[in-house]
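Okay, structure first, notes after.
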Amino acid sequence: MHILADQFLYKVHELLPEEVECTFYNPAEGLPKNAPLYDALLIRTVTKIDAETVPKAGNLKFIGTATAGFDHIDLHHLNRLGITFAKSEGCNANAVGEYVITALYWWAQSRNTEVKNLKIGIIGLGNTGSAVHGYLEKLGIRPVCYDPPKAIREPAFNSASLNELLDCDVLTFHTPLTATEHHPTFHMCGERWLKNKFRLILNSARGGVVDENALLKAKLRGNVDDYILDVWENEPSFSDAIAENAFIATPHIAGYSREAKFRASSMVIAQFCTQFNLELPAVSMNEQAPKPAAGMNQSFADFLWKNNQMDLYHRELRLLIGLEGTEKSREFANLRSQTKTRFEYGSLLKQAIDRENLPEKSAIFLD
């Protein structure tokens, strides 16, 4: 059994059965032309799968993406070729939830605002949106939940109306990027929505869900006080003006934690093993988190900021402003793939011997 895998997939060698021979490729150099010679292909979002990159099936019977999103995959093309597709749905939900809570509380503290006094709207109540919802409820905040397609699929779910959503102070996006006839998400947050007044717009879903040009115009005219972006319309390139005016700008890393990466690899390799009737090795992440950074009388926002790499990514992305074309895209991709990923808060807190110096609210991250 021979598979081809993205070299940046987490702990793939340890997770694969011994009888599987794995060859790695560098996604920065594109998908190798000989990919159809392998039995299976394991990728991330940076590798697009369509008629151009995989024109024929060859030996390929399985393509798995170790990511929750799959808008980089042409599913109709894979169906035509008879190739089984797998994804790691929900693998990064907790990491994204932590990112949003961290960004929200750091922004609020920086703007001398209390989060509990804000009306927060969540757009999309799938895995990541539900994770954000769960954390906000633990913090005593009842968000406005907007997901009309989910209300159709699940009669027990009640979606807020659009008017209720647009009356919020903060919007955080957690939808896929779609251009379907019913409930499209491409530029769903565009000029029409941004005629309303918002304190903060936060997009950690997909570039293009928020119309970046309309967002910048809204900020410059005062309709939007601040915005935080983790995803970009022309990713891996991005607009210098959009990044310069962002309160926080990060390179699509909201879901990047070691735990999320391990879950992603584990989930897609489990599906690979099922496909080929192989036994999945019993492997744990086997990495011990450090003790959390703590200090006397630190705020919840300070605790979050000190124990999350968001500030590092924000600083490093700003250094890419002004670069041209392929260099900017290459450095953006390198920042995502070559920066050592963080541990989730729950893992850090479990290493804390004395929790007296930790904010009481940090308990929301413990099981």
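Descriptive notes on the structure:
- For the chain, calculated [θ]222 nm from helices alone, where every DSSP H run of n ≥ 4 adds -39500 (n - 2.57): -9000 deg cm²/dmol
- Alpha-carbon Rg/Rh ratio, for the chain, with Rh computed the Kirkwood way: 0.97
- Among Ile242, Ile228, sorting on how many other beta-carbon atoms sit within 10 Å of each Cβ, with the fewest leading, yields Ile242, Ile228.
- Taking 20 °C and 1.002 mPa s as conditions, segment 94-249 diffuses translationally at an estimated 138 µm²/s according to Stokes-Einstein applied to its Kirkwood radius (Cα pairs).
- Spatially proximal lysines relative to Lys219 (Cα-Cα < 21 Å; intrachain offsets below 8 disregarded): Lys119, Lys195, Lys197
- Taking one quarter of the surface of the convex hull spanned by the alpha-carbon atoms of segment 77-160 gives a direction-averaged projected area of 7.6 nm².
- Among the DSSP helices (H) of the chain, those spanning at least 15 angstrom by Cα along their long axis with an average Kyte-Doolittle hydropathy of -0.5 or more are 93-110, 258-275; this is a geometric and hydropathy rule only.
- Taking other C-beta atoms within 10 angstrom as a stand-in for reagent exposure, Glu21, Glu344 fall in the order Glu21, Glu344, fewest first.
- Formal net charge of residues neighbouring Ile120 (Cβ-Cβ distance under 13 Å; K, R +1; D, E -1): -1
- The charge dipole of the chain, taken about the Cα centre with unit charges on the Cβ atoms of Lys, Arg (+1) and Asp, Glu (-1), comes to about 500 debye, rounded to the nearest 20.
- Fluctuation leader among Lys328, Lys33, Lys61 - the chain, Gaussian network, Cα springs under 10 angstrom: Lys33
Every number in this text was worked out from the coordinates using simple rules, so none of it is lab data. These figures come from a predicted structure and were not determined experimentally. Note that we place each Cβ from the backbone using ideal geometry, even for glycine, and neighbour counts take in every protein chain shown.
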